[in-house]
Amino acid sequence: MQHLRGALCGVITALFCALLFVSTSHAQQITDLQARLAQVEAAGYDETDAAWATNYPYARLQLRKAEAVQGHWYLRADAAEQFVTRGLEALDRLGRGQAMYAEPGRLTELAYVTGNDHTAQPYHLYLPPDYDPTRPRPTPLIVFLHGYVPTTSVLDPWTLQDSVLEIAGHYGCMLLIPYARRNTDFQGIGETDVFASMEQVKRLYCVDESRIYLNGVSMGGMGAWTIGLRHPGVFAAITPIAGQTDMFRWWGWEAEQMPPFRRWLIEWDNPYHVSRGLRSQQFFVQHGERDQLISADQSRLMVQRAREQDDYACVEYFEHPGADHYIYFRDETFDRAFARQMENQLDPSPMQVAHTTYSLEYDTAFYVTIEQFEEWGKPAWFSLLATAVRGQTTGADVEVESENIARLSIDIAGSPLERKSSYIFTDGTGRRTVQARDGRLVLELGQAPPEPTGFPPLKRKGLCGPAEEVFDDSFIVVQGTAGNREQNRLLAEQVERFAREWDEFADGRPRVKLDRDITEQDIADSNLVLFGRPQTNLILARIYFRLPIRIGDRRYAVGDREYAGDALGLVMCYPNPLNPDRYVLIFAGEYWGERLSENHKYDMLPDFIVFTTRRFATEDGANQHLCAGFFDLSWQLSEKLTDIAESVPTRTGSCGVHGLRLAWPWW
């Protein structure tokens, strides 16, 4: 027995030494790739060059994968070496000025550098076998949105089986699979990454932009609904498979029992609530009759919605008899979807256009743009009919119905309207004549807010909140260093926790800088995510007196209401007073979202929220708000858009007194 024990110890020792040797070897290889990347970055390549745009992101992605492998002993011992080798090969190609392209007839992993957190993100592209890069012809593109799998990662991405790729090839289509940051529901940064990967493919390959199709399964089915309805006029056809369409029904939430700000944050992402966008689009929907995960009622609901809106012709539905949720593991499901898609070509200028949006971020449908709302906090919608088209003249040129829209504009060249100097439109209040200006027809439909003479600007596309919108463009996390040693230590812990959680959510570490290291160029180029308060963050101290909410040491004032207590925190997004074209997002006091999953840490944040860490929302475990809501169109506090919790703890719990008229400064 003693002999056996000795032999076993020897084997274990040998294995440990072998693993240690492999780990040391891999670490050196990773260091080599890091050094090569640093040399390339220092050389200052032209980032618009195809060789740079394809090889540099790919090399960075391979570095990330090699680093990730080190923490997974069960993966192949040579995996890190393979990733490093691929990264070095990409840098060699870059040195030769040779771009990296997908290989026809097989699925190829590619990468790009994101515009928001500046990380390298993967996507997969399939080119049909007969695609000739030397003599490309316009080729249809299918964009496939994957389903939810908790283990999805850059090491184990969701891709499609070869048989489905062959079906795409049979129809002569490219097929793009965006990674879209693991499991984002294809909302927020997930949606941003879908369009970023599409733009990369359109730039590098010959895509027929009249034949771009959107397809998705399960979580990706909902993504197809949401993206398609938010962006009418982009896709020739949309084919959701087994996706959700109404999160209230799916989760069993009672909308009327929710705080208004939470209801808004669900509805603006909810296909059912933006269903006017069905008009003049083509949806082919599939669902399993006996789906126990996402009931077929979710798809049937949108068919009924289309009937109610007289858009029945825009939605075709096929229900698989007796089938469960996993119809997307059947080749016939994709064959049916791709064949149906290929019957459609995008009509960019339909006579009828309709759209619903809760935000100016989603302001355009086909050739029509919502320029301004009448008020913030409720949906805006329009239904437009171009009655006088090119070569025809009958009565009014444009008929419009709308709600909560102050100003609408039409791109005349992109519309079916006859080109002339003036147009007649009706909106239910009478007929009016409008002059065309700079190729656009601007229709005044309601009362717009007055243009400001100074700071802050009006809400607009790209600057209208809520908080998660800050992450859709370039951002830097700014750690405060102006406090005492203990305060600075706590801020450093919060920033590290945020960066780690962002990495778990978005598959990439965000850029982090100390407040004293932020440059004027940073302020010009990026949104700033500020951790601390005016006494502990130098950037926040510079802008504090131009913010509408007062910030102290776990003490906050929203209008005349003051909240104080050791369990309170604040999150607020606002135009940056140092650069009103960019945001600041402020995290002060206690850390937000301790019970939220990494996938939904920020999507329930409005423009501002004062919260407690001692109570939590019943729907998702978010920190209970004491005061939360949205700024109005002028970025001012509004009682109408502010929600006050009905039951507020005493000062011994989380909150102090209300209704005080406060003297400033008090921090």
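At a glance:
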{"item": "Residue check for S422: small (G, A, S), in the same structural domain as E375 (by TED's automatic domain parsing) and within 34 Å of the chain's Cα centre (by Cα)", "result": "no"}
{"item": "Selection count where residues are outside any loop (DSSP other than H, G, I, E, B) and small (G, A, S), scope segment 580-613", "result": "2"}
{"item": "Filtered residues of segment 427-444 (kept if within 36 Å of the chain's Cα centre (by Cα) and not hydrophobic (A, V, I, L, M, F, W, C))", "result": "D427, R437, D438, G439, R440, E444"}
{"item": "Residue under evaluation I410, criteria (1) of a type outside the set (D, E, K, R); (2) under 15 Å from H355 (Cβ atoms); (3) modelled with pLDDT under 95, criterion not met", "result": "(3)"}
{"item": "Residue list for segment 625-667, filter: among the acidic types (D, E), surrounded by 19 or more Cβ atoms within 10 Å (Cβ to Cβ) and either under 17 Å from A567 (Cα atoms) or at pLDDT below 95 (or both)", "result": "none"}
{"item": "Residue in segment 604-614 that is assigned by TED's automatic domain parsing to the domain that holds G480, surrounded by fewer than 17 Cβ atoms within 10 Å (Cβ to Cβ), within 27 Å of the chain's Cα centre (by Cα) and modelled with pLDDT of 95 or more present", "result": "no"}
{"item": "Extreme residue, farthest from A53 (Cα to Cα), among residues of segment 74-114 that are within 32 Å of the chain's Cα centre (by Cα) and among the aromatic types (F, W, Y)", "result": "F83"}
{"item": "Pairs, first closer than 19 Å to I327 by Cβ in segment 147-166, second aromatic (F, W, Y) and not in a loop (DSSP other than H, G, I, E, B), C-beta under 6 Å, six or more apart", "result": "V164/F334; L165/Y126"}
{"item": "Matching option when the condition is modelled with pLDDT of 95 or more, touching a Cys at 6+ places or on another chain (Cβ under 8 Å) and of a type outside the set (S, T, Y), among L384, L360", "result": "L360"}
{"item": "Lone qualifier among R276, R307 - being closer than 18 Å to S383 by Cβ, touching a residue at least 60 places away in the same chain (Cβ under 8 Å), of a type in the set (K, R) and in a helix (DSSP H, G or I)", "result": "R276"}
{"item": "Subset of segment 449-499 [under 17 Å from I539 (Cα atoms) and of a type in the set (F, W, Y)]", "result": "F475"}
{"item": "Only listed residue being outside any strand (DSSP E or B), touching a strand residue (DSSP E or B) at 6+ places or on another chain (Cβ under 7 Å) and β-branched (V, I, T), chosen from T333, T356", "result": "T333"}
{"item": "Some residue of segment 173-194 being of a type outside the set (V, I, T) and surrounded by fewer than 17 Cβ atoms within 10 Å (Cβ to Cβ)", "result": "no"}
{"item": "Test set (1) farther than 30 Å from T453 by Cα; (2) more than 20 Å from the chain's Cα centre (by Cα); (3) surrounded by 19 or more Cβ atoms within 10 Å (Cβ to Cβ) - E619 fails condition number", "result": "(3)"}
{"item": "Only listed residue being buried (at least 20 other Cβ atoms within 10 Å of the Cβ), touching a strand residue (DSSP E or B) at 6+ places or on another chain (Cβ under 7 Å) and more than 27 Å from Q82 (Cα to Cα), chosen from Y126, Y131", "result": "Y131"}
{"item": "Output for segment 286-295, where each listed residue is assigned to a loop (DSSP other than H, G, I, E, B) and within 26 Å of the chain's Cα centre (by Cα)", "result": "L293, I294, S295"}
{"item": "Check on T245, crowded, with 24+ Cβ neighbours inside 10 Å, part of a strand (DSSP E or B), of a type in the set (S, T, Y) and assigned by TED's automatic domain parsing to the domain that holds F186", "result": "no"}
{"item": "Output for segment 321-369, where each listed residue is within 22 Å of Q282 (Cα to Cα) and aliphatic (A, V, I, L, M)", "result": "I327, A337, A339, M342, L346, M351, V353, A354, A365, V368"}
{"item": "Any helices (runs of 4 or more DSSP H) falling wholly within segment 483-579 and containing at least 2 residues that are in contact (Cβ under 8 Å) with a residue 40 or more places away in the chain, surrounded by 17 or more Cβ atoms within 10 Å (Cβ to Cβ) and touching a His at 6+ places or on another chain (Cβ under 6 Å)", "result": "none"}
{"item": "One residue from M198, M222 being crowded, with 19+ Cβ neighbours inside 10 Å and closer than 27 Å to A59 by Cα", "result": "M198"}
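The values are calculated or read from the model by the stated rules, or taken from the named source; none is laboratory data. Everything quoted here is computed from the prediction, not taken from an experiment. All Cβ positions, even for glycine, are placed from backbone atoms using ideal geometry, and neighbour counts span all protein chains on display.
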